[in-house]
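Everything on this sheet refers to the single structure shown next.
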Ligand code: ADP
Ligand code: MG
């Protein structure tokens, strides 16, 4: 190579990377040798665990060492279609290797040659065979790797091409700068960074791979925490709008509410008001289980903001939810002359324009909407507060876009984030590390505990009878299905998961004939969805068959039954969200989880649901059972992404907890310089939406 290799070297200069591969790497965000080094394998094939052919079970994916018995010929079936079969053996047994449309295989699989073959063993009537196994020649003096890395790629990239490109950049590991100071590495038993990176790509055994992973996850999480902490500092340094309670008439607002706030709500309001009266922007999360009354808390902040002469907005993840918030806020705020308008993409263009004009000239006080709120053509005259509901659906980046929108003459809006996804404390530190937290750990009084039962499809009749009785007594029922429509693929692969469309038809033509029903799913137009929801809320329909689009925030207090079909398909936190749609009034509510299959693990999960209604307990169980990956998963949509840490183990979260504080307290320490640099890079990279390495 003419150019001296550094981590900044564009991968175009790397041997074997031409135009096509360069473009493909580029799509993965890999531009430099350093990027490639940080592109860790998704998994590893344990090809070094070689077993005798005779020991492999039918269907087992395994590794065998074979010798070719005879040189065989390719059989042309038709045109380019061909099949190549060859007999191979080891000491224990013979078997056949089969390759379709790979005629070139005949050239290398000649008599007497030896290979390590990795693939799925099939045991049929005529003996054993492997179709298109992966082959590595066994040559004297060149040991084969125990683990073979699998990278997450798509054509035209191949595993082989990525492996050889990675081989070219591996020498860089030698000079890789350390991010964690030596003392931390020693205290926590970690590898040197370069060593860890090299082992991720070329692990030698299980233990060292685990240690490499731990080292890199540990580093990532520490850097991530530091980055969040710095982000927070920069927000705190900014100026905002100091609101005042004086002359706001806030007392009247609370008096006009149809209920008395719970203790937890009062506490949250107090914390929020204290923030709002400061010059620095608020960045606060209200975390409260479903039904804990987050909307009223938000409404009080919105009220205060408008009564101080400013505008506010509230962003929701779905149009249904936005429409519902608009209605609720109208109820709370319109009596005080506050003008709330909806702004969602499903609205006619003329209406949207009208609302936008009102926001620009200040005649609209509060805009409630979805992403449409943060498009470029929405301008506020004086935005001072942004409320983001159901935060887990929004990324930090979207939150930041909203904040940037609010930045005027060096001042930015206060931000209030609300989440109903209970996150165990250990994780919430990481996930919401950039926010202060108010906890709504108390439900409004008079709520009945939701009874939860596990049933099977055989119980359908009883379930339907139960729904009828409930409706006769003024109740309403949700029936949630995992799919929208039946498909052939579904019947084959899923063993018949319920689909909303088909089930709706079956029920409305069958057992529930004569009972008005609604159908709701994500493929409907926003306007249709809103109408269906409105009909159900108003009681025009009594049963709503739906997919998980109703999951978030929907509030119909009359609904007392929630039937979840194929409950085994859903995660615990999602089931908890769904169950939270009922039990919102004072009547007894019942949730029925219908099992349509699944294994022991899913049965255990459903048992957790049956045994507790506490969202935090559900979340802890979820964390225990599935690890933190899924919680990082809830921060999808353009969120911070980790190259390694999503698979890191949970103990790292608590292990890194104190480090960041220690580091921040001692920022001048030269030992930490690389760590701060890495945190800056992390933030920059995430601005541009790239993976962190
Ligand atoms: P979530 O926290 O899930 O967003 P909501 O704000 O939708 O909950 O409130 C759930 C229901 O509880 C609503 O019908 C709301 O009017 C009612 N509610 C809220 N606070 C109280 C309270 N302090 N007392 C009685 N009912 C309340
Ligand atoms: Mg809500």
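The values are calculated or read from the model by the stated rules, or taken from the named source; none is laboratory data. Every value quoted in this text rests on a predicted model; they were computed, and no experiment measured them. Methodologically, a virtual Cβ is constructed for each residue, glycine included, from the backbone with ideal geometry; neighbour enumeration extends over all protein chains shown.
Quick notes on this one:
- Applying the condition of being modelled with pLDDT of 75 or more and in a helix (DSSP H, G or I) to the range 229-252 and asking which residue is surrounded by the fewest Cβ atoms within 10 Å (Cβ to Cβ) yields 251.
- Residue satisfying condition, being touching a strand residue (DSSP E or B) at 6+ places or on another chain (Cβ under 8 Å), more than 14 Å from ligand 1 (Cβ to nearest atom) and free of Cβ contacts under 8 Å to residues at least 40 places away in the same chain, within set 284, 339: 339
- A single member of 567, 538 is within 16 Å of ligand 1 (Cβ to nearest atom) and either more than 19 Å from residue 327 (Cα to Cα) or at pLDDT 90 or above (or both), and it is 538.
- The sole residue among 322, 298, 312, 316 that is in the same structural domain as residue 415 (by TED's automatic domain parsing), more than 14 Å from ligand 2 (Cβ to nearest atom) and buried (at least 24 other Cβ atoms within 10 Å of the Cβ) is 312.
- So residue 294, is it without any contact (Cβ under 8 Å) to a residue 40 or more places away in the chain and within 30 Å of the chain's Cα centre (by Cα): no
- Failed item in (1) in contact (Cβ under 8 Å) with a residue 24 or more places away in the chain; (2) crowded, with 18+ Cβ neighbours inside 10 Å, with residue 86 passing the rest: (1)
- Selection within the range 154-179 - farther than 16 Å from residue 200 by Cβ and either under 29 Å from the mean Cα position of the chain (by Cα) or without any contact (Cβ under 8 Å) to a residue 60 or more places away in the chain (or both): 154, 155, 156, 157, 158, 160, 175
- Restricting the range 262-283 to residues that are part of a loop (DSSP other than H, G, I, E, B) and surrounded by 18 or more Cβ atoms within 10 Å (Cβ to Cβ), the residue that is modelled with the lowest pLDDT: 281
- A count restricted to the range 542-573 and to residues that are part of a loop (DSSP other than H, G, I, E, B) and without any contact (Cβ under 8 Å) to a residue 40 or more places away in the chain stands at 2.
- Those helices (runs of 4 or more DSSP H) of the range 587-672 in which 2 or more residues are within 14 Å of residue 574 (Cα to Cα) and modelled with pLDDT of 65 or more occupy 600-611, 615-626.
- Test set (1) within 11 Å of ligand 1 (Cβ to nearest atom); (2) in contact with a strand residue (DSSP E or B) (Cβ under 9 Å, 6 or more places away or on another chain); (3) in a helix (DSSP H, G or I); (4) more than 20 Å from residue 242 (Cβ to Cβ) - residue 298 fails condition number: (4)
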